[in-house]
Amino acid sequence: MSSTVRTVEELIKEANEAFQKKFGVKPRLAAKAPGRVNLIGEHTDYNDGYVFPMALPMVTVVVGNPTESGVCRVETLAAGVDPSYTEFPLNDLKPGSPKWCNYVKGVAAQMPGKIPSFDAVIASSVPLGGGVSSSASVEVAVYTFLEQIMAEPDIETTVTDKILRCQKAEHEYAGMPCGIMDQFISVLGKEGHALLIDCRAKEGRLVPMLDSSVVVLVTNSNVKHELTGSEYPTRRKQCQTAAKILGVPSLRDATELELERKKEELDEETYRRVRHVVSEIRRTVDAAAALENGDYNTFGNMMVASHNSLRDDYEVSCKELDQLVEYAMEMKPHGVYGSRMTGGGFGGCTVTLLKATAVDKVIDHIHKKYSSLGNKATFFVCPPSDGASKISL
Ligand code: ADP
Ligand code: MG
């Protein structure tokens, strides 16, 4: 019932063939970077808090060659992206149209060393706009590709710099003031592990996860409510304002006790926003400890508490995500530990922790109920996977 993820080999083959068709030569260099699913810790990264993602088996692959023309030529094989091919001069990197190429240009502009122009093809198994961070996977894959053709690299550049430069590309070229999580896990993910990231210290701790009896199920609602598009920056702003009122550098420094004491100073909506962030940061640390101890029941309960908080206090869920979580939790007696929306919200995916033996039954149940409402979900059983790397062709 669950969809099969295209393998890296299949993506490379697809990208290679497209490259040869487009540019008439074989690509010599390649790199890959994964999407991610956040197990818990939503909307905490830009509040200096903790997040707990793992890298997915879905990846973005970039193949290509350096060129001497001074013009970069890039094609994406992603479905529904139009136009799928574009060119831009290396000496004039600024955001423009098509939008998808801003992620490529933004990274090219951020490289810590001189790069030549290049031809590249992008192939990906990460669903676009599905809340599992196709954008960071593109940024990190492009960066990892360009690292190989960069001359005179700044030797001081660290892995953290790479993460921050990719984040900056998204801020400045895609206009998305995202936190550090997506790029962090796409660079540093490790097979068999989730990563507890302290977004203030910019440090991650790998946590071995899952004995073979437990799996992570990612369910794509296949809906995306655009709303006004300003929900994310608005939430970010509310958090900054609230931190000022509470007299803390960021909401990471606020406690639940302090929040209750100063409740009157915040309007009702802002109070609920803060209550989500502060409780979610605590839950994330506790949940990572529970997972490390193999205490899946506690972890699952925290996933549900996280979802409810995102739905009621932070108000970033939507009907479809609520339904998917509800249907998953109806299967608790059959081996579901917990389920929640994951990613920014208003559509995209849910993440569910469940017994491996229950997978087929649970997918069947969710599928039947969700499709009876006229929607179609897609299901992926996802082992925690590796972060970015170059690929030898
Ligand atoms: P998410 O990161 O959750 O998937 P975003 O809205 O942050 O959603 O990023 C999605 C955007 O990233 C797409 O609309 C597109 O512009 C760009 N993108 C992602 N993957 C690809 C790809 N394979 N090829 C071209 N552009 C891509
Ligand atoms: Mg994104």
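The values are calculated or read from the model by the stated rules, or taken from the named source; none is laboratory data. Being a predicted model, the structure only gives us computed values, none of them experimental. Glycine gets a Cβ as well: all are built from the backbone with ideal geometry, and neighbour counts include every protein chain shown.
Within the option set E14, E10, being modelled with pLDDT of 95 or more, surrounded by fewer than 21 Cβ atoms within 10 Å (Cβ to Cβ) and within 30 Å of T357 (Cα to Cα) holds for one residue only, E10. For the range 357-365, the count of residues that are buried (at least 21 other Cβ atoms within 10 Å of the Cβ) and of a type in the set (S, T, N, Q) is zero. Listed residues V62, V51; which is under 30 Å from Q240 (Cα atoms) and either among the acidic types (D, E) or under 26 Å from the mean Cα position of the chain (by Cα) (or both)? None of the other options fit; the residue is V51. Scanning the range 300-315 for residues being under 20 Å from M331 (Cα atoms) and in contact (Cβ under 8 Å) with a residue 12 or more places away in the chain gives a total of 8. Scanning the range 130-165 for residues that are touching a Phe, Trp or Tyr at 6+ places or on another chain (Cβ under 9 Å), within 15 Å of ligand 1 (Cβ to nearest atom) and more than 29 Å from C318 (Cα to Cα) turns up V142, F145.
Residue-level check: of (1) modelled with pLDDT of 95 or more; (2) closer than 21 Å to R36 by Cβ, L90 misses just (2).
Within 30 Å of Y337 (Cα to Cα), surrounded by 15 or more Cβ atoms within 10 Å (Cβ to Cβ) and of a type outside the set (G, A, S): which single residue out of L266, L251 fits that description?
On the way: L266 fails: within 30 Å of Y337 (Cα to Cα).
Going through L266, L251 in turn, the sole match is L251.
Hey, among M54, M111, M58, which residue is aliphatic (A, V, I, L, M), out of contact with any strand residue (DSSP E or B) (no Cβ under 7 Å at 6 or more places or on another chain) and surrounded by 20 or more Cβ atoms within 10 Å (Cβ to Cβ)?
Details: M54 fails: out of contact with any strand residue (DSSP E or B) (no Cβ under 7 Å at 6 or more places or on another chain); M58 fails: out of contact with any strand residue (DSSP E or B) (no Cβ under 7 Å at 6 or more places or on another chain).
Only one candidate passes the filter, namely M111.
If you go through the range 35-50 one residue at a time, how many are under 16 Å from K190 (Cα atoms) and within 14 Å of ligand 2 (Cβ to nearest atom)? Summing the residues that are under 16 Å from K190 (Cα atoms) and within 14 Å of ligand 2 (Cβ to nearest atom) in the range 35-50 gives 4.
Evaluation of S137 against the conditions (1) among the hydroxyl-bearing types (S, T, Y); (2) closer than 30 Å to V351 by Cα; (3) more than 14 Å from the chain's Cα centre (by Cα) shows that the sole unmet condition is (3).
Could you identify the single residue in P177, P127 that is over 17 Å from A31 (Cα atoms), more than 8 Å from ligand 1 (Cβ to nearest atom), within 15 Å of the chain's Cα centre (by Cα) and touching a residue at least 60 places away in the same chain (Cβ under 8 Å)? Write out each step before concluding.
Numbers: P127 fails: more than 8 Å from ligand 1 (Cβ to nearest atom).
Being over 17 Å from A31 (Cα atoms), more than 8 Å from ligand 1 (Cβ to nearest atom), within 15 Å of the chain's Cα centre (by Cα) and touching a residue at least 60 places away in the same chain (Cβ under 8 Å) holds for just one of P177, P127, which is P177.
Within the range 16-52, the set of residues being within 25 Å of G348 (Cβ to Cβ) and not in a strand (DSSP E or B) comprises G41, E42, H43, T44, D45, Y46, N47, D48, G49. In this entry, N297 is excluded by the filter for residues that are buried (at least 16 other Cβ atoms within 10 Å of the Cβ), closer than 20 Å to M329 by Cα and over 20 Å from the mean Cα position of the chain (by Cα). For the range 117-172, the set of residues classified as surrounded by fewer than 19 Cβ atoms within 10 Å (Cβ to Cβ), at pLDDT 95 or above and assigned to a loop (DSSP other than H, G, I, E, B) consists of Q148 only.
In the range 337-373, the qualifying residues are those that are hydroxyl-bearing (S, T, Y) and without any contact (Cβ under 8 Å) to a residue 24 or more places away in the chain, and the one that is nearest to ligand 2 (Cβ to nearest atom) is S371. For the range 41-72, a residue qualifies if it is charged (D, E, K, R) and within 14 Å of ligand 1 (Cβ to nearest atom), and the qualifying residues are E42, D45.
Considering S213, S250, S186, S230, the condition of being under 30 Å from T357 (Cα atoms) and more than 18 Å from the chain's Cα centre (by Cα) is satisfied by S213 alone. Given the options T284, T342, name the one that is among the β-branched types (V, I, T), crowded, with 20+ Cβ neighbours inside 10 Å and either within 16 Å of ligand 1 (Cβ to nearest atom) or more than 30 Å from D253 (Cα to Cα) (or both). Exactly one residue qualifies, and that residue is T342.
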